[in-house]
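J.: First the structure, which I've put down as structure tokens, then a few questions once you've had a look.
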Amino acid sequence: MIAAGLHVLLFALLMISSLFNRKMEVPLIIEAALIQDPTPRQAQEERAREQARAEQQRQEQLEKEQQEQQRKQKQEQLKQEQLRQEQLKKQAEEKQQKEAKEREAKAAQQKLQEEQLRKRKEEELKAEAERKRIEDQKRKADEEKKRQDELKKLEEQKRKAEEEAKRKAEQEALRKAEEAERKRQMAEAAAEADRIRKQREAEERARQKELADMMAAEANARAAAQRAAAQAPWASMIAEKIRRNWSRPPASPDRFNCKVKIVQIPGGEVVSVSVVSSCGSAPLDRSVEAAVKRASPLPPPSDPSLFEREIITTFCPDIHKC
């Protein structure tokens, strides 16, 4: 009877523990049989306690394994979230850099237009001042001529009063002199008018030429800005590949940058490389040149027309610290 009771108790404990286990397990089939145990009662109780302790240890081990699995799952989720956040941050920084370059290009174009407008206004003011100067000069010449004519008339009247006898001959001579003077003045005035006309035509041609030159310079600057903007992603890919192939020399600083001149052939194979603006030391310069050679072939642009055989790129060890 005692043996049968112990078997029933053990079966009940196993059933209760299975209710707290998250995984579905096949219950153990324990056969209970009424036997006559020849062993003492104390030994049977000890075996029952050992079996209960073993079952408890097994349950504790299962709980630890489940907790460890949950901990690993949480760590993996945190890692995935960190990677996603870093990717979003990188995309935001790239967008900010692109927008900053577009703003700089737009500001440069606007500055150029303002400078061209200022020059045109200066030329117009200069032309207006020259026109006024010529008009003032002509007015003064007319006034002087008028004064001289008045003086001549007074002298002529005095001369007529003193030499009445010679009046007719002198009047004829004076008439001829005045006619010659009038013709001379008319010729001078015509020559001056022709000179002013030619000068204004030359100034107008110069102004038109300068305007055409400014418009051509503006078109060239706009085309250069558009090409630079289109080449920006290609330049970023080249700089990134060089950084991946760079090996930091011992005791080198964390933050530095330098300009590197690269000569390549179609296909991206590097023909020559040289540092045109030092990184700060000869070992750093050599390490950057070696990185460019290891990065060969360089990545091609998305549009083959953007390819340039000779390029100058800025190298820095960390894109976030350039």
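J.: Using helices alone, what [θ] at 222 nm do you get for the chain, with -39,500 (n - 2.57) per DSSP H run of 4 or more residues, divided over all residues and rounded to the nearest 500? Intermediate values should be presented prior to the final figure.
T.: Working: 4 runs with 232 residues, N = 322.
Counting only the DSSP helices, I get -27000 deg cm²/dmol.
J.: If you don't mind, there's one more thing I want to ask. Modelled label-to-label distance, Glu81 and Gln171, 7 Å Cα→beta-carbon offset: nm?
T.: That separation, rounded to one decimal, is 12.2 nm.
J.: Sticking with the crude label model, points 7 Å out along Cα→Cβ, report the distance from Gln226 to Leu306 in nm, one decimal please.
T.: Placing both labels 7 Å beyond Cα along the Cβ direction yields 1.4 nm.
J.: Hey, another quick one. Mind grabbing the base-10 log of I(q)/I(0) for the range 164-322 at q = 0.08, 0.14, 0.20 Å⁻¹? Debye formula, identical points on the C-alpha positions, no solvent, two decimal places.
T.: -0.48, -0.81, -1.19
J.: On a 0 to 90 degree scale, rounded to 10, what angle separates helix 2-19 from the longest Cα axis of the chain?
T.: 10
J.: With everything on Cα atoms, drop me the angle between helix 167-244 and the longest principal axis of the chain, reported from 0 to 90° to the nearest 10.
T.: It works out to around 10 degrees.
J.: As a test of the definition: which semi-axes, in Å, follow for the range 146-221 when you take the square root of five times each eigenvalue of its alpha carbon gyration tensor? Largest first, please. Don't jump to the answer; show the numbers that get you there.
T.: Values: eigenvalues 615, 26, 3 Å².
Whole-Å semi-axes of the equivalent ellipsoid: 55, 11, 4.
J.: Separate question: At a threshold of 8 angstrom on Cα-Cα distance, excluding pairs fewer than six apart, so keeping six or more, what relative contact order does the chain reach in percent?
T.: On the way: 190 pairs, mean separation 41.9, N = 322.
13 percent.
J.: In Å and on Cα atoms, what radius of gyration and Dmax does the range 245-321 show?
T.: 12.9, 42
J.: Give the cross-link partners of Lys153 among the aspartates and glutamates, using a straight C-alpha distance below 12 Å as the criterion and excluding same-chain residues fewer than 8 apart.
T.: Reachable aspartates and glutamates: Glu178.
J.: Which whole-number percentage describes the relative contact order of the range 245-321, with Cα contacts under 8 Å and a sequence gap of 6 or more?
T.: Rounded, it is 43 percent for the range 245-321.
J.: Here is a follow-up. Here are several values of Cα extents along the principal axes in Å: (1) 67, 46, 33; (2) 65, 40, 36; (3) 190, 44, 37. Which one was derived from the coordinates shown?
T.: Recomputing Cα extents along the principal axes in Å here gives the entry labelled (3).
J.: Using 0.36 nm per residue, how much length does the chain from Glu240 to Gln56 gain when fully extended, once their Cα-Cα distance is taken away? Please list the in-between numbers first.
T.: Working: separation 184, 0.36 × 184 = 66.24 nm, distance 5.80 nm.
Additional length available on full extension: 60.4 nm.
J.: Follow-up question, since we're still on this one. Between helix 41-162 and the chain, what is the angle of the helix's C-alpha long axis to the longest principal axis, kept within 0 to 90° and rounded to the nearest 10?
T.: Tilt relative to the chain: about 0 degrees.
J.: Taking 0.36 nm per intervening residue step and subtracting the Cα-Cα distance, what contour gain separates Arg71 from Glu218 on full extension?
T.: Full extension of this stretch gives 46.6 nm more.
J.: Once the Cα atoms of the range 78-191 are picked out, what are the Rg and Dmax in Å?
T.: 38.9, 130
J.: Give me the distance in nm between label points sitting 7 Å out from Cα along the Cα-to-Cβ direction at Lys89 and Lys261, one decimal.
T.: Each label point is offset 7 Å from its Cα along the Cβ direction, giving 3.8 nm.
J.: Which of the residue pairs Lys132/Lys209; Lys101/Lys293; Lys90/Lys241 have a Cα-Cα distance greater than 27 Å in the structure shown?
T.: Details: Lys132/Lys209 24 Å; Lys101/Lys293 29 Å; Lys90/Lys241 17 Å.
Long pairs (Cα-Cα over 27 Å): Lys101/Lys293.
Every number in this text was worked out from the coordinates using simple rules, so none of it is lab data. Every value quoted in this text rests on a predicted model; they were computed, and no experiment measured them. Glycine gets a Cβ as well: all are built from the backbone with ideal geometry, and neighbour counts include every protein chain shown.
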